[in-house]
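Here is the structure we will look at.
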Amino acid sequence: MDTRVVITGMGVVSPVGNDVNSFWNSLKTGVCGIDTIQRFDASDLAVNLDGEVKDFNAKDYYDSVAEIRRSDLFMQYAMAAACQAVDDSKILESDIDKTRFGVYVGSGIGGINTFCTEDGKLRDKGPERVSPFFIPMLIGNMAAGAVAIRFGAMGPSLPIVTACATSSNTIGEAYRAIKHGYADAIIAGGAEATINKLAMAGFINCKALSLSEDPNEGCVPFDKRRGGFVMAEGAGMLILESYESAVKRNAKIYAEVVGYGNTCDAYHVTAPHPDGIGAINSIDMCRKEAGITGKESIYINAHGTGTHLNDVMETKALKAVFGEDAYNLHVSSTKSMTGHMLGAAGAVELIASTLAVNEGIIPPTINYVEKDEECDLDYTVNKAVNTQVDYAISSSLGFGGHNACVAIKKI
């Protein structure tokens, strides 16, 4: 018999708040975390905007400065969100078997800030000055490794790299691992820290980023004025746990994870399939496993990047899956507030979805002004809506054609 899987803890580091409460309050009130680039001198770049994490202090989550220095920023964000989630769940206060306690934490890019720093040392001072911690700080699996070490989680461990679908995949695969009996609980999510000139230049030159100079026009999903996404950073972590384990220890349960879809367009390295075949299959797979018919009250946290191709394709995909019922869906893109957190996006957006189901509040797609005839669903524009929903579906679509979709149910 399959095991039921529930969410018992959450943690966030984001451009609109560095804990779950501040993050959620910002989303509910439509706070925009997008602003002009402050992290470095961007005067020679075509892009002016990003979504930076503000007022983050790694010392709140580490025992020593030396440990921080041996951790890339993406690892620090991951550790902070994981500490919050573990503390929220109180799972370490139970008698959980550590060999059945896992970590599924991914990153789309990994330690690119460390790469830039150490490459500079190599060029300016020679190979002997490259840090012995360069590789452990660079490789994308190291956030998962560091989190597992911190909490003694010796169960299944699976860092995943599927670009912007990364943390939806880590959560979905963690769900499957618990559902099919391979673990009792898993810390699942993703982290990203790519706000530097090299990464920004790369995304600019592949024509992915918004060129707007106005923070309120930078990321405008489903709006006819949209022209690209805004790069952001942060981390999101969830504690997924078997329902039996959660009930046994009288844990707080936020929602039940009930569906997962995982597909690939097999079409293009950056562009989504114009007919949305992969996205359709991912959403439909997730919907069917969750037992969602389309007649329920449903919130869709859309991938909604604010690129022309993504938003049209995603709208088509929702119509293909839900038919006329698509017009009854509550859809929004929280990226309009956070920017695109790349490998962390899926986890952060599932946390938003979980809180939407919990509180009966649909976070808005802010700064929406001009309707696009090709995007004609209910995108919950500009202001949050109070309404009870039975299910939420969070969709993530990544470079390489990767599509991941996770469904949760109110419990």
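Remarks
- Each Lys or Arg adds one and each Asp or Glu subtracts one; over the other residues with Cβ under 11 Å from the Cβ of Asp87, this totals -2.
- Phi-derived couplings, Karplus 6.51 cos²θ - 1.76 cosθ + 1.60 at θ = phi - 60°, listed residue by residue for region 285-290: 4, 5, 4, 5, 5, 6 Hz, with x used for Gly and Pro.
- Heavy-atom SASA rank of Ile96, Ile292 (probe 1.4 Å, accessible area, largest first): Ile96, Ile292
- If you run the Gaussian network model on the chain, springs between alpha carbon atoms under 10 Å, then out of Asn386, Asn262, Asn281 the most flexible one is Asn386.
- The local environment of Ala199, defined by Cβ-Cβ distances under 12 Å, has a net charge of -1 under the rule Lys, Arg +1 and Asp, Glu -1.
- Taking Ser167, Ser245, Ser107 in turn, the Gaussian network model of the chain (Cα-Cα springs below 10 Å) assigns the largest fluctuation to Ser245.
- Backbone amide hydrogens, once placed in the peptide plane, bring Val381 within less than 5 Å of Thr365, excluding anything fewer than 5 places away on its chain.
- Ser297 contributes an accessible area of around 30 Å² to the protein surface, as traced by a 1.4 Å probe with all chains present.
- Summary of packing: across the peptides 30-37, 125-132, the per-residue average of other C-beta atoms within 10 Å ranks them, highest first, as 30-37, 125-132.
- Only protein atoms count toward the accessible area here, which uses a 1.4 Å probe; on region 274-411, the carbon and sulfur part of that area reaches 51 percent.
- Per-peptide average of other Cβ atoms within 10 Å, ordering 43-49, 377-383 highest first: 377-383, 43-49
- Within-14-Å neighbourhood charge of Val321 [Cβ basis; K, R +1; D, E -1]: -2
- Amide H contacts under 5 Å for Met10: Asp88, Ser89, Ile239, restricted to partners 5 or more places along the chain or on a different chain, H placed in the peptide plane at 1.01 Å from N.
- Bridges between two residues of region 326-411, per DSSP, are antiparallel at a rate of about 90%.
- The share of accessible area on region 140-235 that comes from carbon and sulfur is 57 percent, using a 1.4 angstrom probe.
- Accessible area in square angstrom per residue, region 1-126, 1.4 angstrom probe: 45
- Ignoring lysines fewer than eight residues from Lys409 along the same chain, the ones with Cα atoms less than 18 angstrom from its Cα are Lys179, Lys252, Lys288, Lys295.
- The chain: calculated mean residue ellipticity at 222 nm from DSSP helix runs of at least 4, using -39500 (n - 2.57): -10000 deg cm²/dmol
- Considering only Glu370, Glu217, Glu314, the mean-square fluctuation computed in a Gaussian network model of the chain, springs between alpha carbons under 10 angstrom, is largest for Glu370.
- For region 118-130, 3J(HN,Hα) computed residue by residue from phi via the Karplus equation (6.51, -1.76, 1.60; θ = phi - 60°) reads 6, 5, x, 4, 4, 5, 8, 10, x, x, 5, 8, 5 Hz, glycine and proline entered as x.
The values are calculated or read from the model by the stated rules, or taken from the named source; none is laboratory data. Computed from a prediction, not measured in an experiment: that's the story for all the values here. All Cβ positions, glycine included, derive from the backbone under ideal geometry; neighbour counts span all protein chains shown. SASA here: full protein model, heavy atoms, side chains in, ligands and nucleic acids out. Shrake-Rupley method; radii C 1.70, N 1.55, O 1.52, S 1.80 Å.
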